[in-house]
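Right, one structure below, let's go through it.
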Amino acid sequence: MADPSSYRPKPGQIPDSPGVYKFRDQHARVIYVGKAKSLRPRLSSYFQDLANLHPRTRTMVTTAASVEWTVVSTEVEALQLEYAWIKEFDPRFNVKYRDDKSYPSLAVTLNEEFPRVQVMRGPRRKGVRYFGPYGHAWAIRETVDLMLRVFPVRTCSAGVFKRSAQIGRPCLLGYIGKCSAPCVGRVNAEEHRALAEEFCDFMAGRTGAYIRRLETRMREASEEMEYEKAARLRDDIEALKRAMEKNAVVLTDATDADLMAVAEDELEAAVQIFHVRGGRVRGQRGWVTDKVEAVDTAGLVAHALQQLYGEESGDAVPKEVLVPVLPEDTAALNQWLTDRRGAAVSLRIPQRGDKKDLMATVARNAEHALVLHKTKRASDLTTRSRALEEIADALGLDTAPLRVECFDISHLQGDDVVASMVVFEDGLPRKSEYRRFQIKSFAGQDDVRSMHEVISRRFRRYLQEKQKTGEWDLAEAGDTPDGPDTVEVPDAPGAPGQVSVEELTPAGVVASGSVADSGRDEDGRPRRFAYPPQLVVVDGGQPQVAAAQRALDDLGIDDVAVCGLAKRLEEVWLPGEDDPVVLPRSSEGLYLLQRVRDEAHRFAIRYQRTKRAASFRAGPLDAVAGLGETRKRALLKHFGSVKRLRAATVDQLCEVPGIGRKTAETVAAALAQAAPAAPAVNTATGEIIEDDAAPTAAASERGDTA
């Protein structure tokens with residue numbers, strides 16, 4: 001725990017200007033990002049008497065080890081930079097909303113030549129038009145099924161579309177009139193795109209004009225005694241009206257608005273958003289968050305607005321945003337929303353009428369979501385806390401291991417030896433921190449030696465990152481009266497054996513008044529091994545644990561605990577102990593260790609299988625130095641099979657575009673040395689597949705034999 005006065009900026013150093021600031025911990029990880037109209041009073045408020053601070057703020061400032069800031073011109077710029085930094089650094093003390101479920105949306109892939117209508121979940125993609133989100137996927141499919149009668153847009157996957165184009169026959173939807181069948185040329189790309197855009201316009205709420213146009217065409221067809229056409233148009237109109245009726249009218253003035261409500265208690269908050277388009281509720285979504293920072297309802301609304309519209313632009317930002325409480329920086333948020341929409345946006349509290357009544361409905365949904373979330377999460381949060389405490393007690397740790405790293409070795413009879421590293425923080429997997437290794441120092445099967453290598457490589461990187469960020473202090477370096485102090489980085493490849501303490505000090509304050517950003521690589525990516533765990537778990541027993549501890553001892557690291565989990569009896573082994581620690585079978589701590597171990601095993605197996613599959617796919621052309629994938633495909637396409645390629649002369653090889661005489665000679669020599677592969681057998685019929693058969697498309701792509 002740090003004393004905030006140890007990193008408090010000097011008086012007068014903080015500018016009295018709008019800006020964004022970051023607090024970092026002792027490992028240079030960003031733990032909090034904030035913005036201010038004036039940096040000086042805002043930052044000074046963090047360095048008052050700790051007893052006067054909110055408990056969450058007090059925890060943050062005592063966890064931090066440095067603070068830095070960036071000056072901007074306006075509050076809108078501060079808002080944009082704050083959002084970008086929260087998204088980039090994922091600070092642990094910032095409010096971060098997370099979906100309480102993965103909501104499906106109706107998506108139209110306008111970025112494809114033939115747009116497709118489909119149900120999509122997860123992050124939004126560029127060039128795709130989204131509608132929703134909806135509470136259930138079946139609701140989307142029912143709506144789409146009704147609308148395909150009028151807007152027969154493609155809904156099939158890329159594989160089905162390609163197959164239909166190859167055989168010249170559309171799928172079932174094409175035969176029953178619910179697809180315009182662009183795969184077989186019934187409509188061209190421009191006509192199909194026009195259909196997709198009409199579909200999008202209708203879903204966006206522009207329904208009245210389109211229905212009136214269909215009614216006019218129906219009357220004209222009836223007057224001309226084209227009764228079949230008139231009946232078809234009548235049915236189309238009824239289908240569209242049924243699709244519209246699925247979303248009840250909630251605002252009679254055809255308003256486009258998003259309504260946001262917040263339900264909160266001392267620890268958590270839930271946000272509900274209703275998306276109203278054309279007066280109808282077109283989508284609903286909900287978020288929940290832990291109140292890890294001292295934030296009121298206005299702050300929760302501001303954070304929610306940033307997350308909701310941070311990646312949106314144009315019509316995705318509505319004309320009106322109705323909130324329960326106005327944020328303190330309403331003017332800046334209003335301007336930011338206007339910039340994103342490209343037109344005026346009204347951010348306000350509904351005072352009366354239908355909008356106020358609908359806001360009450362949204363608020364009831366938020367309260368229900370918070371109660372439901374707390375019911376689901378109470379046992380999970382309690383269980384994780386108890387598991388970490390049990391592990392700390394069993395292993396004799398001073399504190400609960402909030403960051404646990406687990407390592408596992410995987411191979412196939414000594415071949416393709418790989419290792420995995422998985423990370424659990426606060427008892428939950430942090431998949432962005434997972435890493436995988438190839439064993440480089442030796443060949444063959446030796447799990448103990450492999451574990452020593454992997455642990456050494458992982459923590460060498462940690463020491464190198466400490467060196468880059470200037471975390472070595474004089475106590476680590478050793479005080480000497482004669483000249484600069486030095487510190488040695490053990491066995492750090494590519495690093496000098498001795499480094500001056502003067503070189504290892506922090507970069508200091510830059511011209512703008514902020515400390516240089518030491519949490520990123522030169523190319524801006526986050527460093528991979530910058531943060532140490534409190535506990536290292538290895539998959540194995542005494543030998544693997546001893547190897548891991550020996551690797552840490554060789555590097556001079558003494559503040560990371562090590563244990564191993566043996567599969568046979570699920571025993572926990574500690575370094576230097578002759579007897580294992582046996583946790584009860586019903587122990588939450590044992591369950592967590594098993595989950596961490598199993599996740600490391602799964603991740604290692606997956607990587608090992610990927611490498612093995614790649615080696616199985618390797619063909620004779622892979623051994624030719626300097627021959628890339630493009631020229632491999634050109635050779636196979638020209639000769640049709642590896643057998644014919646092997647029989648070709650150097651002059652014949654030179655006829656292939658891009659293949660010179662020197663390359664042709666190298667290819668001929670490599671193929672002459674490579675033994676012909678054994679004939680393939682069709683497992684369904686027992687038939688031997690001749691090698692001179694044309695290679696498959698997949699094989700041609702990767703340079704395989706047929």
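The values are calculated or read from the model by the stated rules, or taken from the named source; none is laboratory data. As the structure is a computational prediction, the values presented were derived from the model and not from experiment. As a convention, Cβ positions derive from the backbone with ideal geometry for all residues, glycine included, and neighbour counts pool all protein chains shown. Note: accessible area is taken over every heavy atom of the protein model, side chains too, but ligands, DNA and RNA are not part of it. Shrake-Rupley method; radii C 1.70, N 1.55, O 1.52, S 1.80 Å.
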When the accessible area of the stretch 532-616 is split by element with a 1.4 Å probe, what percent falls to carbon and sulfur? 49 percent
Can you give the relative contact order of the stretch 29-182 as a percent, counting alpha carbon pairs under 8 Å and 6+ residues apart? 18 percent
Convert each backbone phi in the stretch 534-545 into a coupling constant with the Karplus relation 6.51 cos²θ - 1.76 cosθ + 1.60 (shift: θ = phi - 60°), then list the ³J(HN,Hα) values in order as whole Hz, x for Gly and Pro. 8, 9, 10, 10, 10, 7, x, x, 3, x, 5, 5
Fully extended, how many nm does the chain gain between GLU197 and GLU268 (0.36 nm per residue separation, minus their Cα-Cα distance)? 21.4 nm
Once both label points are put 7 Å beyond Cα along the C-beta direction, the ALA165-ALA672 separation in nm becomes 4.4 nm
How large is the accessible surface per residue of the stretch 284-419, computed with a 1.4 Å probe and reported in Å² as a whole number? 45 Å²
Before I look further, what does the stretch 1-121 give for accessible area per residue, probe 1.4 Å, in whole square angstrom? 46 Å²
So which lysines can LYS37 reach, going by Cα to Cα under 25 Å and dropping same-chain residues fewer than 8 places off? LYS10, LYS22, LYS87, LYS96, LYS291
Can you tell me how the stretch 1-149 classifies by the Cα gyration tensor, rounded, prolate or oblate, using a/c under 1.5 as the rounded cut? prolate
Where in the stretch 416-435 is the amide nitrogen less than 20 Å from a point lying 7 Å along the Cα-to-Cβ axis of ARG602? 418-435
Gain upon complete extension [ALA343, ARG430; 0.36 nm per residue less C-alpha separation]: 27.4 nm
Using each residue's phi in the stretch 458-465, evaluate 6.51 cos²θ - 1.76 cosθ + 1.60 at θ = phi - 60° and report the 3J(HN,Hα) Karplus result to the nearest Hz, with x for Gly and Pro. 4, 7, 4, 4, 4, 5, 5, 5
Put a dot 7 Å past each Cα toward the Cβ at THR330 and ALA209; how far apart are the dots in nm? 3.4 nm
Positive minus negative residues near VAL345 (Lys, Arg vs Asp, Glu; Cβ under 12 Å): -2
State the percentage of accessible surface on the stretch 1-147 attributable to carbon and sulfur atoms; use a 1.4 Å probe and exclude ligands, DNA and RNA. 49 percent
Taking θ = phi - 60°, what integer Hz values does the Karplus form 6.51 cos²θ - 1.76 cosθ + 1.60 yield along the stretch 18-33, in sequence order, with x for Gly and Pro? x, x, 10, 10, 10, 9, 10, 8, 5, 9, 6, 7, 6, 10, 7, 10
Taking 0.36 nm per residue of separation between ASP145 and ALA647 and subtracting their Cα-Cα distance, the length gained on full extension comes to 175.1 nm
Please give, to one decimal in nm, the separation of the simple spin-label points placed at HIS638 and GLN351, each 7 Å out from Cα toward the Cβ. 8.0 nm
